[in-house]
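What follows is calculated from the coordinates using simple rules that are stated; it is not laboratory data. Just so it is clear, the structure is predicted and the values come from calculations on it, not from any experiment. Glycine gets a Cβ as well: all are built from the backbone with ideal geometry, and neighbour counts include every protein chain shown.
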Amino acid sequence: MTNLPNGNGRTPGSRLRSQRWFGGDDINGFNHRAWLKPNGFSDEALRDRPVIGICNTWSELVGCNIHLRGLAEAVKRGVLQAGGLPLEFPVLSLSETLMKPNAMLYRNLAAMDVESMIKSHPLDAVVLLSSCDKTTPAVLMGAASANIPTILVTGGPQLAGHFRGAPVGSGTDFWHYSYEVRLGRMSIEEYREFEESLCRSVGHCMEMATAMSMAVCGEALGLTLPDGASIPAVDSRRSVLAERSGRRAVELAVEGTRPSDILTREAFENAIRVLMGVGGSTNAVVHLLAIAGRLGVDLSLADFAAASDIPVLANLKPSGDHLLDSFFYAGGVPALMAEMREVLHLDLPTVTGKSVGETISGRSSDDTDVIRRIDDPVFPWSGIAVLRGSLAPDGAVVKRSAASPALFRHRGPALAFETVEDLAEQLDDPDLDVTPDSVIVLKNGGPVGGPGMPEWGHIPVPGKLRAAGVEDMVRVSDARISGGSHGLMIVHVAPEAAVGGPIGAVETGDMIDVDVHAGRLELEVEAREIERRLDARPPHEPAYRRGWEALYLQHVLQADTGCDLDILRARDDEPPTDHPRGLLEGWVLGD
Ligand code: FES
């Protein structure tokens with residue numbers, strides 16, 4: 001512990017932000033301290049002592065975050081051990097499965113909650129507790145904007161599911177058995193048995209899906225202690241990590257290391273490369289762009305395209321064979337980063353107080369089937385590819401590590417659907433005019449059209465093709481997919497149909513040309529005809545007229561810039577606001 005203030009009362013000249021609230025003996029200091037006394041705090045507890053916020057996305061409505069109350073207690077232990085004062089507070093939590101119409105519609109709202117709670121309270125540092133898919137990007141976006149010292153603790157993966165003698169995951173296997181039921185090859189009774197077998201413990205999904213991808217990005221960005229992403233939720237080492245994170249938060253408060261010191265452009269380049277190396281979720285592309293936008297870091301889809309030669313080293317579902325407990329036993333993120341150290345920036349700072357290179361020093365894969373050597377990858381190319389072309393002028397993405405390579409080069413006729421309802425109604429129609437060469441196109445699933453950019457991009461293979469043994473085909477949409485999705489699904493097409501993107505002009509029978517490795521996505525229709533069709537489309541009717549959702553629709557940006565609200569991205573002309581102005585301040589004292 002370096003230069004920890006001794007909590008000895010008056011604090012003239014204290015560097016701690018919290019002392020602007022608690023440090024004086026005027027009416028403001030009285031007011032701020034007195035109304036915390038119901039907590040039972042002594043005067044000494046509040047004087048010149050780092051105050052550490054524990055920003056908790058715990059909620060009984062979010063099963064993946066249900067254990068975060070327990071982790072908060074471990075963080076508090078660490079804060080107290082290091083001489084700080086922990087103050088836990090709740091923020092909006094987002095359940096990927098329960099929240100309707102979709103959790104992504106509320107990610108930015110949660111991020112605003114986090115930012116506002118941190119900025120407006122007497123906190124010197126904050127420990128972020130998150131787990132489910134959208135909760136980690138939301139807390140990171142909010143904390144990036146608040147920009148006080150921050151450390152991330154994620155919930156860790158669930159134990160692997162176990163069904164009929166085999167480990168099962170919440171992405172690949174969930175979709176597989178759901179298809180089996182749809183095709184009448186599995187009974188509802190068996191499906192229920194699978195349901196009972198899948199989520200066996202607390203924690204987030206146990207595949208390299210979105211929650212884990214974001215936890216991995218948090219660690220690769222330098223915002224967690226080593227192994228922060230991969231220790232299983234039920235492993236006692238996760239509580240140890242939480243306790244150490246609490247201790248470290250006190251040190252960060254004194255050192256003054258802020259997110260903007262750590263989240264540099266090079267740190268995002270590391271996160272992108274690690275995301276590619278683990279075969280991570282396409283959703284992480286949107287989230288990383290949004291986090292970078294909060295700090296004014298110039299990041300774009302081109303930076304993801306530039307990492308297209310990073311090989312996939314993690315042999316994890318949905319791209320590979322294993323589940324996340326195996327990833328931890330093989331060495332987790334530090335081992336993976338050590339294996340790919342030649343392509344990482346090693347001299348960057350992290351919340352550990354050490355550089356990236358020092359943090360991963362001495363680590364290597366303990367199981368080279370799960371975390372491969374860089375010269376023996378699972379795939380020789382990155383997990384995610386960026387596509388552009390006349391169908392997606394501002395870009396689209398595809399998780400090629402979880403798709404059939406036979407489809408990487410494909411030209412076929414479009415089978416276009418205006419809405420997800422149309423698609424759902426027709427998909428299993430035995431008379432549907434579809435072949436394995438068809439390219440299914442779903443419109444109106446984007447940030448505005450969805451709204452919220454739901455995971456409708458996971459378009460099932462039509463029933464009659466699936467029954468004939470077709471496992472994969474090309475699907476294109478302006479929506480997103482689940483991080484656990486498997487198949488050649490080109491998503492995040494920008495601009496989306498609802499704001500006039502060319503995907504809105506696609507008609508059934510148009511030819512679409514895809515080249516995944518070359519990054520091309522072309523609609524073979526004359527530009528003038530595309531324009532004519534777009535002009536003839538009725539204007540998009542907003543789905544909401546009031547409330548948060550209406551505000552979201554007025555301000556949301558497209559997928560290629562992260563789907564944040566335009567008013568939440570960093571601005572050069574933003575005046576400094578980190579100042580506790582209150583009702584009483586002008587009355588008695590200036591500052
Ligand atoms: Fe919460 Fe997968 S549903 S992490």
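Annotations
- Projecting the Cα atoms of Ala335, Gly446, Asn28 onto the charge dipole of the chain (Cβ charges, centred on the Cα centre) puts Asn28 farthest toward the positive pole.
- Working from Cα pairs under 8 Å separated by at least six residues, relative contact order for segment 226-357 is 35 percent.
- With a simple spin-label model that places each label point 7 Å from the Cα along the Cα-to-Cβ direction, the separation between His345 and Arg528 comes to 4.8 nm.
- Helix-only [θ]222 nm of the chain, DSSP H runs n ≥ 4, -39500 (n - 2.57) each, per residue, nearest 500: -9500 deg cm²/dmol
- Cα gyration tensor shape for the chain, rounded if a/c is under 1.5, else prolate or oblate: prolate
- Protection-proxy order for peptides 487-495, 421-429, each taking the mean of Cβ atoms within 10 Å per residue, highest first: 487-495, 421-429
- Nearest-0.05 FRET efficiency for Lys464 and Leu551, computed from C-beta distance (R0 25 Å): 0.05
- Unpaired cysteine residues in the chain (no second Cys Cβ under 4.7 Å): Cys55, Cys199, Cys205, Cys217, Cys563.
- Candidates Gly320, His121, Leu407 compared by Cα position along the dipole of the chain: farthest toward the positive end lies His121, with charges placed on Cβ.
- Relative contact order (%) - criterion: Cα under 8 Å, at least six apart; region: segment 326-391: 37
- Bridging of Lys464 to aspartates and glutamates at a Cα separation below 15 Å is possible for Glu180, Glu425, Asp428, Asp429, Asp431, Asp433, Asp437, Asp472, once same-chain residues fewer than 8 apart are set aside.
- Segment 17-125: relative contact order as a whole-number percent, Cα under 8 Å and 6+ apart: 31
- Estimated distance in nm for a label pair at Ile567 and Ile27, the labels positioned 7 Å out from Cα along Cα-to-Cβ: 3.2
- Packing around the peptides 310-317, 564-571, 190-197, 433-440, taken as the average count of other Cβ atoms within 10 Å per residue, puts them in this order, highest first: 310-317, 433-440, 564-571, 190-197.
- Under 18 Å of direct C-alpha separation, and excluding same-chain neighbours fewer than eight residues apart, Lys399 reaches these lysines: Lys317.
- Fewest-first ranking of Ile384, Ile291, using other Cβ atoms within 10 Å as the exposure measure: Ile384, Ile291
- Summary of packing: across the peptides 126-138, 93-105, the per-residue average of other C-beta atoms within 10 Å ranks them, highest first, as 126-138, 93-105.
- Partner lysines whose Cα lies under 28 Å from the Cα of Lys76, excluding those fewer than 8 positions away in the same chain, are identified as Lys37, Lys119, Lys134, Lys354.
- Leading residue at positive end of dipole, segment 37-187 (Cβ point charges), from Leu85, Ala166, Leu152: Ala166
- Rounded to the nearest 20 debye, the dipole size of the chain about its Cα centre is 1720 debye, using +1 on the Cβ of Lys and Arg and -1 on the Cβ of Asp and Glu.
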